[in-house]
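Asker: I have a structure here, written as structure tokens, and I will follow up with some questions on it.
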Amino acid sequence: MGAMYNFTIDRSLKTPAYRQLYFQISEYIEKGKILSGEKLPKIRELASNLGIARNTVEAAYKQLALEGYAKGHRGIGYVVEDLDLSVFDGNASGRSDSALIEASENVRNIFPLGSDLGCKYDFAYGNKDLGALPIDIMRAMIDKAFRANNFESASLYMDPFGLYGLRKEIAKYVYKKRDIKCVPEQVVIQSGTQAALRKLASLFNESDACVAVEDPGYNIARDAFIEEGYKIEPLPVHMDEVNVIERLQNSDAKLVVATPSNQFPLGFVMSLSMRLKLIDWARKKDAYIIEDDYCCEFRYESSPSPALRAIDKDNTIYLGTMSKILTPAIRISYIILPAALLERWNKRFPSDLCAVPWLEQEMLRLFLESNTWDRYERSTVNTYRKRHDILTKSLKSEMGDLVDVLDEGAGLHLLVVDKYERTQEELIELARRKSVRVYPTDQYWTTDTHPMKSSILIGFSKITEEEIPKGIKQLARAWSL
């Protein structure tokens, strides 16, 4: 009976086999090709016909049952439910679910934080390898959170700014690490940098609002302001500082988003003179700098440069996150607002609730409060320093004749530029054929006609020290002419 329905499994897709089967069967049911009351193929027979495991078929059937397409009956198997098929007639796109899912997976293939697409060597720059996660420490802190005397706070609505104890620890942390002076009342907990940027975009939104963004730069920051209707003023940070400041001064921008500690994706560290010019612009124009202190912890050849917020407390809004040190799965970021903006924030968001769960905040509070955080942070930075050094050495020895390397000794990635000016698409596909995953940079520019069409991002946050030389050897083979 399975062959009769012509179900197929495409092993080239990233979509799991059980999901492919589920989409095909549900589509058959919706189109009336399998009628109400009709039995689905026996699990054993269908698995044999498709060359897949029986539990794969069973997983698809359970999903169908969960969503009401079919029901399992003891001794009979799965039978299609009695459904009103007229509700399925409005497929305006004309494309099947399976086709839409495949298209979605193709889009995700370029996304840096997704799955590894089956590549043996994944040079990601956001995810962490499992061995680097402080699982035992986090488990201990969670256990401690449940035993703590203040556990009753878990039964109450939290302060809209977040758990006060965590905000207090963050205020102490940024003073110690970044020389930023603030009080807990200025700290706002957010569920990730993206959420924080959207909040700030909403805070300042006016009918003629204009924001200056780095070009290239963090595309999610740019998109957050576009969604709020802002006019975007690109700042060509790949050019000299004079050009950037002139562009900013001649614009209508009253906001600028900057990554001074580790410009993304170019990787350079903003000079002190440029920092001072940026602060001078903000003060004279009564504007605000949104300082995304991206990867500030990861400096491998020198001490971290001072935060803008440490120099200027009135016109700089500071964004920080723990996800690069800890894990991206825990979405905790924070905003440090200038005191003058607190009233504006409270008026703009009078009934907001903190979106970060109490347990995650309390776990992080206890972690920061303990003497284990500093040791863990030092260990993490040292791990990435070793990976950075191994990667730069491997690129120089294996690929010196193929690429130029942009390296400022900071962050969690390097940028390489192909000397033969091949496209990013071609370079990524050549790498994939050798089971190596590297990442594009086109999405970080505001236009398609940018000057770095042959640049590729190579990260080292996930790949291990042992895998880096092997992966670069494979990449050299892939890109060799």
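The values are calculated or read from the model by the stated rules, or taken from the named source; none is laboratory data. None of these values were measured; they are calculated from a predicted model. All Cβ positions, glycine included, derive from the backbone under ideal geometry; neighbour counts span all protein chains shown.
Asker: Return yes or no: is Tyr318 under 30 Å from Arg387 (Cβ atoms) and surrounded by 21 or more Cβ atoms within 10 Å (Cβ to Cβ)? Don't jump to the end; show me each part of the working.
Answerer: Details: under 30 Å from Arg387 (Cβ atoms): yes; surrounded by 21 or more Cβ atoms within 10 Å (Cβ to Cβ): yes.
Here the answer is yes, as Tyr318 does meet what is asked.
Asker: Return the residues of segment 172-219 that are under 30 Å from Ile456 (Cβ atoms) and assigned to a strand (DSSP E or B); say none if nothing qualifies.
Answerer: Val211, Ala212, Val213, Glu214, Asp215
Asker: Can I ask one more? What is the number of the single condition among (1) modelled with pLDDT under 85; (2) in a loop (DSSP other than H, G, I, E, B); (3) surrounded by 19 or more Cβ atoms within 10 Å (Cβ to Cβ) that Tyr18 does not meet?
Answerer: (2)
Asker: Considering only segment 171-218, state which residues are hydroxyl-bearing (Ser, Thr, Tyr), touching a residue at least 40 places away in the same chain (Cβ under 8 Å) and within 17 Å of Ala253 (Cα to Cα). It would help to see each step written out before you state the result.
Answerer: Narrowing segment 171-218 to residues hydroxyl-bearing (Ser, Thr, Tyr): 173, 175, 191, 193, 202, 207, 218.
Subsequent filtering for residues that are touching a residue at least 40 places away in the same chain (Cβ under 8 Å) retains 173, 191, 193, 202, 218.
If the condition is that a residue be hydroxyl-bearing (Ser, Thr, Tyr), touching a residue at least 40 places away in the same chain (Cβ under 8 Å) and within 17 Å of Ala253 (Cα to Cα), then Ser202 is the only one that fits.
Asker: Here's a follow-up. Which one of Glu169, Glu152 is in a helix (DSSP H, G or I), modelled with pLDDT of 90 or more and among the acidic types (Asp, Glu)?
Answerer: Working: Glu152 fails: modelled with pLDDT of 90 or more.
Exactly one of Glu169, Glu152 is in a helix (DSSP H, G or I), modelled with pLDDT of 90 or more and among the acidic types (Asp, Glu), namely Glu169.
Asker: Filtering segment 62-74 down to residues that are in a helix (DSSP H, G or I) and in contact (Cβ under 8 Å) with a residue 24 or more places away in the chain, which residue is nearest to Ala17 (Cα to Cα)? Spell out the reasoning first.
Answerer: Step one: of segment 62-74, the residues in a helix (DSSP H, G or I) are 62-66.
With in contact (Cβ under 8 Å) with a residue 24 or more places away in the chain added as a condition, the list becomes 63-64.
Details: Gln63: 13, Leu64: 14 Å.
Applying the filter and picking the extreme gives Gln63.
Asker: Do the conditions hold for Asn205, that is, is it surrounded by 23 or more Cβ atoms within 10 Å (Cβ to Cβ), of a type in the set (S, T, N, Q), outside the structural domain of Tyr439 (by TED's automatic domain parsing) and in contact with a Gly (Cβ under 8 Å, 6 or more places away or on another chain)?
Answerer: no
Asker: Considering each residue of segment 245-286, count those that are without any contact (Cβ under 8 Å) to a residue 40 or more places away in the chain and either under 22 Å from Arg178 (Cβ atoms) or crowded, with 22+ Cβ neighbours inside 10 Å (or both), and give that number.
Answerer: Quick first cut of segment 245-286, residues without any contact (Cβ under 8 Å) to a residue 40 or more places away in the chain only: 245-250, 270-286.
Cutting the leftovers down to either under 22 Å from Arg178 (Cβ atoms) or crowded, with 22+ Cβ neighbours inside 10 Å (or both) gives us 270-283.
Looking only at that region, the number is 14.
Asker: Additional query: Would you mind telling me which numbered condition in (1) surrounded by 15 or more Cβ atoms within 10 Å (Cβ to Cβ); (2) free of Cβ contacts under 8 Å to residues at least 60 places away in the same chain Ala221 fails?
Answerer: Single failed check for Ala221: (2).
Asker: Any residue that is under 12 Å from Val80 (Cα atoms), among the acidic types (Asp, Glu) and not in a loop (DSSP other than H, G, I, E, B) - is there at least one of those in segment 31-41?
Answerer: Residues of segment 31-41 under 12 Å from Val80 (Cα atoms): 32-41.
Subset that is among the acidic types (Asp, Glu): 38.
Still in the list and also not in a loop (DSSP other than H, G, I, E, B): none.
Checked segment 31-41: no residue is under 12 Å from Val80 (Cα atoms), among the acidic types (Asp, Glu) and not in a loop (DSSP other than H, G, I, E, B).
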